[in-house]
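First up is the structure itself, then whatever we jot down about it.
Please treat every number below as a calculation from the coordinates, not as lab data. Remember, it's a predicted structure, so these values are computed and weren't measured experimentally. Glycine also receives a Cβ, built like all others from the backbone with ideal geometry; neighbour counts cover every protein chain displayed.
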């Protein structure tokens, strides 16, 4: 496993079990999130990003539970500071869209078109070509990556499922008259 794959794996673990920490680590609250992880995992105060990621990737079930607790505590701490994590996530997306509008950059549109075109092309090929069994894992991994990329493109241009879920919850509250 390469260093890049290792970091993606650790980051994926973090995003799955501690999404608030993962979001915070990508923004202005990175110091707060990293300090909480370092303390929670029992690492040296001057631990590097790589050491933190290595500890996450090799975490025991007890340490994974501790990371989940750190995430829950971070949510509470951010609420005390009146920081809206959901707004942070939306602002990040809005900033990307705002940049595209301001710079009139065609790169996102071109990449989105390529991803959609590749997705359609690969789907057609899979239905019309017999895949050698020795290539099955490679093809499945490639299709999974392409599926994820298509999801990102659709989320970027048409909104995320998180926003949709929040709207559904708000509508339910209004309809049912509950707070």
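Annotations
- Compactness index (Cα Rg / 2.2 N^0.38 Å), segment 3-80: 0.99
- For residue 129 and residue 43, the FRET efficiency from 1/(1 + (r/R0)^6), where r spans their Cβ atoms and R0 equals 45 Å, is about 0.40.
- Once the Cβ-Cβ distance of residue 152 and residue 50 is raised to the sixth power relative to R0 = 25 Å, the FRET efficiency obtained is 0.45.
- Full-stretch length increase - residue 122, residue 69 - with 0.36 nm per residue and alpha-carbon distance subtracted: 14.9 nm
- Residue order, fewest to most surrounding Cβ atoms within 10 angstrom, among 62, 50, 100: 62, 50, 100
- Neighbour counting of Cβ atoms within 10 Å sorts the residues 46, 147, fewest neighbours leading, into 46, 147.
- Packing rank of 64-72, 126-134, 105-113, where each peptide gets the mean count of other beta carbons within 10 Å, highest leading: 64-72, 105-113, 126-134
- Ranked list, fewest to most other Cβ atoms within 10 Å of each Cβ, for 13, 124: 124, 13
- Using all pairs of distinct alpha-carbon atoms, the Kirkwood hydrodynamic radius of segment 109-153 works out to 11.1 angstrom.
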